[in-house]
Structure formats: structure tokens, C-alpha cells
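Take a look at the structure below.
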Amino acid sequence: MRLTQFTDNALRCLTFLALSADELNTAREIAQRMGMSADHLVKVVQRLTQLGYVETIRGWKGGVRLAQPPESIVVGEVVRQTEQSFALVACFETGDGGCPIAPACGLAPALDEALQAFLAVLDRYTLADLTRERRRLRDLIAD
């Protein structure tokens, strides 16, 4: 399984914001320091705002910050809410994807079980868990 760039950027943005505590950061600053496209990050921030993970403050001294404590942001939930599709194979999307053996195939149920296990592991982690090495992480993204 491979997460989309959107989800990767969402998790990286949340990580950056968790390291910044209550500071306001601009999307441009986050993108620059985390090696992301600023234009793409604006879309990510909009989605994270809709989901209630971040809040944006408009104006000259505005920016972005976490809207929840890092301990309450569950990684598995973020992944579920930012991925567009979890269809690992074509038959997940259409029921059979035109596959002649779909009605009796054991691949789809096995992949679905693997996907559920993947998400269950991510559900055991919060944003706080991802940022335990605060000093080291902050040093890595310093100006």
C-alpha cells in the first residue's frame, strides 16, 4: 500500500505544527521547511481545517496552528480522512472490476484484511507519539 502525497503532506504538516506548539506558522513556511509544494500545502491545510485538526487565523499576523492537542489526533483517523480511496485492486472499486474470478477469488478479502490491519496499527499512534523526539525533529527542520 502506498499513501498519497496529499496524506503524506497532511501528516508532515501536522507533525510540524505539533513541534511549533501554539505558534502561528504560514503555509509557505511549513512547506519550505518540510520540503513540500506551498500550493499543494494550501489545499492540505484547507482539508485539515475542515476536519478540525488545524485552525487558520487570517490577516497580516495570521497563520496555521493545531486546533487539538497532539495526543488527541489519531494517525489512523487522519489517514482515513485524507486518502481518497483504499481500493488496493480494481475489484475493490467496482465490486469485480471485470475480473472473471471475482465471485470466488480470495485475493480481495485477504487484501481487505491486510488493509484493516494496516489501519489498526496506525490507530494505535497519535501525533504526540510521532513527535516524541521533539528536540531532534526541531533541529532537523530548523532554518
**Asked** Do we find a residue being touching a helix residue (DSSP H, G or I) at 6+ places or on another chain (Cβ under 9 Å), surrounded by fewer than 17 Cβ atoms within 10 Å (Cβ to Cβ), not in a helix (DSSP H, G or I) and not aliphatic (A, V, I, L, M) anywhere in the stretch 2-12?
**Response** yes
**Complete:** Subset of the stretch 18-61, residues part of a helix (DSSP H, G or I), among the small types (Gly, Ala, Ser) and under 14 Å from the mean Cα position of the chain (by Cα), comes to ALA18
**Asked** Which of the residues that make up the stretch 105-136 are modelled with pLDDT of 85 or more and either in a loop (DSSP other than H, G, I, E, B) or farther than 24 Å from ARG2 by Cα (or both)?
**Response** GLY106, ARG124, TYR125, THR131, ARG132, GLU133, ARG134, ARG135, ARG136
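State which residue is nearest to TYR53 (Cα to Cα) when the search covers only the stretch 13-32 and only residues that are aliphatic (A, V, I, L, M) and surrounded by 15 or more Cβ atoms within 10 Å (Cβ to Cβ).
Our first condition is that a residue be aliphatic (A, V, I, L, M); within the stretch 13-32, this holds for 14, 17-19, 21, 24, 27, 30-31.
Pick out the ones that are also surrounded by 15 or more Cβ atoms within 10 Å (Cβ to Cβ) and you get 14, 17-19, 24, 27, 30-31.
Working: LEU14: 8, LEU17: 10, ALA18: 11, LEU19: 14, LEU24: 14, ALA27: 15, ILE30: 16, ALA31: 17 Å.
Looking at residues that are aliphatic (A, V, I, L, M) and surrounded by 15 or more Cβ atoms within 10 Å (Cβ to Cβ), I get LEU14.
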**Asked** Identify, please: which residue in the stretch 33-69 is out of contact with any Phe, Trp or Tyr (no Cβ under 8 Å at 6 or more places or on another chain), of a type outside the set (Lys, Arg) and more than 14 Å from ALA10 (Cα to Cα) and is, among those, surrounded by the most Cβ atoms within 10 Å (Cβ to Cβ)?
**Response** GLY63
**Item:** One residue from THR15, THR56, THR26 being within 28 Å of VAL121 (Cβ to Cβ), out of contact with any Cys (no Cβ under 9 Å at 6 or more places or on another chain) and not hydrophobic (A, V, I, L, M, F, W, C)
**Value:** THR15
**Prompt:** When you go through CYS99, CYS91 one by one, which is the residue that is part of a loop (DSSP other than H, G, I, E, B), out of contact with any Pro (no Cβ under 7 Å at 6 or more places or on another chain) and surrounded by 14 or more Cβ atoms within 10 Å (Cβ to Cβ)?
**Reply:** CYS99
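Please work out if THR56 is over 17 Å from THR4 (Cα atoms) and among the β-branched types (Val, Ile, Thr). Spell out the reasoning first.
Numbers: over 17 Å from THR4 (Cα atoms): yes; among the β-branched types (Val, Ile, Thr): yes.
Considered against the rule, which asks whether it is over 17 Å from THR4 (Cα atoms) and among the β-branched types (Val, Ile, Thr), THR56 comes out as yes.
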**Asked** In the stretch 117-141, what count of residues is obtained for those that are under 18 Å from GLY35 (Cβ atoms) and either free of Cβ contacts under 8 Å to residues at least 24 places away in the same chain or of a type in the set (Asp, Glu) (or both)?
**Response** 3
**Condition met for GLN84 (polar (S, T, N, Q), modelled with pLDDT under 95 and within 22 Å of MET34 (Cβ to Cβ))** = yes
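Part of a strand (DSSP E or B), in contact with a strand residue (DSSP E or B) (Cβ under 6 Å, 6 or more places away or on another chain) and under 18 Å from LEU19 (Cβ atoms), is that true of VAL64? Break it down stepwise before answering.
Details: part of a strand (DSSP E or B): yes; in contact with a strand residue (DSSP E or B) (Cβ under 6 Å, 6 or more places away or on another chain): yes; under 18 Å from LEU19 (Cβ atoms): yes.
When the stated conditions are applied, VAL64 passes them.
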**Pair list, Cβ < 6 Å and 6+ apart or interchain, from the stretch 62-78 residues that are small (Gly, Ala, Ser) to residues that are modelled with pLDDT of 95 or more and assigned to a helix (DSSP H, G or I)** = GLY76/LEU119; GLY76/LEU122; GLY76/ASP123
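The values are calculated or read from the model by the stated rules, or taken from the named source; none is laboratory data. What you are looking at is a predicted structure, and each value in this text was computed from that prediction instead of being measured. Here Cβ is always computed from backbone atoms with ideal geometry, including for glycine, and neighbour counts include all displayed protein chains.
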